[in-house]
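Have a look at the structure below, then the notes.
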Amino acid sequence: MGALLEGTVVLATGGFFDVDTGEAVIRTRMRGRLKHRKRKTDLCVIGDRVRLSLVPDEEGGDFAGVLEEVLPRRTVFSRRHPGPGGRFKEDVLVANLDQLLIVFAFRDPPMHARLLDRFLVIAEHNRIEATLVGNKVDQLVPEQKALLARYADLGYPVHYVSAATGEGIDALSACFAGRISALTGPSGAGKSSLLNALDPSLGLRVGATSDRHGKGRHTTRVASLHRVAGGYVADTPGIRELGAWNLPEEELDRCFVEMRPFLGGCTFRDCRHLHEPGCAVKAAVDQGAVSSERYESYVRMLLDDER
């Protein structure tokens, strides 16, 4: 075996892994010994840094390299695997992520604060910078812009954009350079359309929002990384089920940034901020320092994870 090449996985599908080495994108297959390692997470996903060896042309077939090693991950954007039994398996969507851009539309499909809070909790738990993107600003619903403004008050960057008109696209583009980013959010929010607006040469497939149920149609089937504006950007399939992976109950409150100043001020050290007397978080809610809507999101996540 000669010297190994190192690169970033930009596509993982059907047992093949496309690796960008900086000089070329090489299609690889995973070395058999890696496949048989027991792990509680995905072996290799987009964003992973890997080492590979090249194979002779006459042996390559549908691939030109062999993936020999997956390097340790700095960060992950993951969730509990959706479906029955999902709480026992991690579903890693992107590895080595620097920032998560959570895309919601102002209309079709409507914005849901509960889902937005779940994305933010996962970003906070994994120490990934989160940015909010309100797409389809040309179809602005004032109440939903007011909702995003409340998150801006919490310190989250917010971009108001339109893939259709180009509004806000240049400002959004400026945050990608030198970073691995992911566009995520519900189906139909316009993630692929935004990437096409950022780089028209991508030509990603897009689809209309479902009129019958008001939910977006999945147009991205396989997660992939694209070179955009001096960095990598992941276009991920639309998410309708999102549960945090490996988030201990006692750490959930820290994932709500506005609760942090009040943690440690409760009478009981193991306070869950539900019905306990002397709860500093509940007092902050009563005083308006923590919004009742965000507190309700916290309670729902806490109780949902017990089921």
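FYI, it's all coordinate maths here, none of it is from the lab. Nothing here was measured: the structure is a model prediction, and the numbers come from that model. We place every Cβ from the backbone using ideal geometry, glycine too, and count neighbours over all the protein chains shown.
Mind checking the dipole of segment 249-304: about its Cα centre, +1 per Lys or Arg Cβ, -1 per Asp or Glu Cβ, Debye to the nearest 20?
140 debye
Once both labels are modelled 7 Å past Cα along the beta-carbon direction, what's the R300-L154 spacing in nm?
1.3 nm
Using the 10 angstrom Cβ neighbour count as an exposure proxy, how do K191, K282, K35 rank, fewest first?
Final ranking by Cβ density, sparse to dense: K35, K282, K191.
Among residues other than L140 whose Cβ falls under 15 Å from its Cβ, what is the net charge (Lys/Arg +1, Asp/Glu -1)?
Net local charge, L140 excluded: -1.
Residue-wise, which Karplus ³J(HN,Hα) couplings in Hz belong to segment 262-275, taking 6.51 cos²θ - 1.76 cosθ + 1.60, θ = phi - 60°, and x for glycine or proline?
So the Karplus estimates, Gly and Pro as x, are 9, 5, x, x, 7, 4, 9, 5, 9, 4, 9, 6, 10, 10 Hz.
Want the number for I169 to E251: 0.36 nm per residue separation, take away the alpha-carbon distance, what's left?
Taking 0.36 nm per residue and subtracting the Cα distance, the gain is 26.0 nm.
Please grab the % of Cα pairs in segment 249-304 that end up more than 17 Å from each other.
Considering segment 249-304, 24 percent of its Cα-Cα pairs are separated by more than 17 Å.
Long-range amide H contacts for E69: which residues qualify at under 5 Å (H placed 1.01 Å from N, peptide plane, sequence gap of 5 or more or a different chain)?
Excluding prolines and chain starts, which carry no amide H, the hits are R51.
Filter the chymotrypsin sites (Phe, Trp or Tyr not before Pro) in segment 128-204 down to the DSSP loop ones having no more than 16 other Cβ atoms within 10 Å, then list what survives.
Passing both the DSSP loop test and the Cβ count: no residue.
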